[in-house]
Amino acid sequence: MSSISTADLPRGGAAHPSDRRTAETVRALAMVPLVVYAVLTQLDAVANRLSGGSPIGTTELTLAALIGMTVLIFLLPRDGAPARAYGSTGARLIALMFCWAVVSSTLSAHKAEGLSYLSKLLVAVAPALCTLVIADRPARIRLLLWAIIAAGAVSAAIVVIESRTGTRLVSTSVAATTAGFEGVARSAGGSDQNPTTAAQMLLVSVALAAALLFSGERRFRLIYAGVVVLGTLALVLGSARSAIIGLAVAFGFIALSFRRKPYFPLLIVAGVVACVGAIPFLPPTLLERFSAVTDFGRDQTLFRRITYLRIGFDLLQQSPIWGVGPGNFPLYYLLPDYRWMPGRELYPRELHNTYLDAAVEYGLVGFLAFAAALGYALASAWRAAHARNPTLARSAFAVGVALAALMAASFFMPHKNLRYLWLVVAIAVQCGRLRAAEEDT
């Protein structure tokens with residue numbers, strides 16, 4: 001079955017064949033910085049090593065190339081492609097959320113922090129919008145998924161090596177190199193983010209590989225299986241509770257895809273037995289981190305997390321419409337009003353729950369736009385998972401599983417400006433658009 005693209009959609013007018021060839025060539029070339037962005041987002045420590053002392057980093061150059069190529073695509077003849085090829089509902093929801101974040105920032109008490117935060121959010125959102133323009137074929141969607149999976153495989157290998165040797169191969173940031181639990185260092189793999197954030201990016205790669213492995217994909221099954229095993233091992237060694245919970249959600253959705261099979265009950269029993277049987281072989285640090293969830297004396301971070309939530313709900317009641325402003329929660333966290341709360345620290349901390357964090361900083365209006373974008377992306381992936389094109393259907397299923405897993409893990413981290421979150425959202429939205437194009441034809 002042939003690929004579905006914007007060229008397959010009804011046209012309002014025909015462009016010259018040479019213009020169409022030029023546009024297609026530019027869009028194909030634009031996949032290069034998009035793929036590099038998908039890889040370096042997870043391997044940002046490697047990118048920082050490559051750029052060295054250069055005034056412009058590798059990631060910044062990739063973003064500039066990506067945005068520049070997208071602008072060039074818009075300047076070329078569109079061959080009568082309908083509006084949804086360039087401005088889907090998902091893109092509007094993402095843009096609406098960002099615009100409201102700007103409004104919220106102008107009404108905040110700490111505008112400098114808001115501006116700094118908005119720049120990071122823009123860096124995460126802009127490539128997602130570029131994806132909606134560039135990745136206009138199922139084959140290109142699949143290429144993006146392979147790039148994320150490959151980046152995860154490299155990062156997982158680094159985690160395993162660092163966990164076994166106690167060294168740091170590429171990470172140099174304080175957040176990545178100083179994290180630990182009860183004296184045991186935690187690895188951030190190929191990232192300069194903190195180990196938990198790095199683990200959740202790795203979660204996306206593992207979920208994609210696992211979903212493609214069980215989606216009926218016959219090619220590269222051994223590679224997918226290898227990434228799943230290596231990535232799962234890395235997540236276990238990294239002792240990231242939220243990422244492991246997200247991985248369990250991913251495997252749960254994959255198992256549900258077999259619910260109409262006669263062997264489904266046996267599959268569930270086998271999964272439970274495998275999980276129970278693996279407990280004696282898990283690293284002691286991971287078992288201690290999970291067992292400490294009910295013992296505040298062993299894990300002092302539990303006090304902090306409850307305090308984050310209490311402060312967050314209090315701030316939401318004070319400013320429910322436009323919130324306290326993007327990037328402002330860490331400063332409100334330090335207010336004297338909350339100084340006696342258990343576990344509160346003397347330096348700024350973020351609210352470790354993406355959804356409450358969005359409501360507190362963006363207000364309920366911004367939260368609804370944020371939630372609508374995520375919900376629309378999930379619905380788009382689910383719809384595209386039933387496409388006639390097998391490449392599109394399997395890719396959409398994998399993206400939906402990865403997005404659901406990351407959304408579950410985001411209950412424990414502030415990820416509303418995480419680059420992988422918006423990249424996966426954009427891919428899911430694009431899968432839905434390609435499914436709509438398939439129906440039109």
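No lab work stands behind these numbers, since they all come straight from the coordinates. Here the structure is a predicted model, which means the values were calculated and not measured. Neighbour counts are summed over all protein chains in view; Cβ atoms, including those assigned to glycine, are modelled from backbone coordinates with ideal geometry.
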Sites removed, the longest contiguous part of the chain containing no DSSP-loop trypsin sites (Lys or Arg not before Pro) with at most 16 other Cβ within 10 Å is 12-167
What is the dipole size for the range 302-441, taken about its Cα centre, with +1 at each Lys and Arg Cβ and -1 at each Asp and Glu Cβ, in debye to the nearest 20?
300 debye
Report the rotationally averaged projected area of the range 339-441 based on its alpha-carbon convex hull, in square nanometres.
7.6 nm²
If you take all C-alpha pairs in the range 96-251, what percent of them are over 25 Å apart?
44 percent
Taking only the Cα atoms of the range 89-440, how large is their convex hull per residue, in Å³?
143 Å³
Rank by packing, highest mean first: peptides 56-67, 202-213, with packing defined as the count of other Cβ atoms within 10 Å averaged across residues.
202-213, 56-67
If the reach is capped at under 19 angstrom between alpha carbons, list the lysines near LYS111, excluding any in the same chain fewer than eight residues apart.
LYS120, LYS416
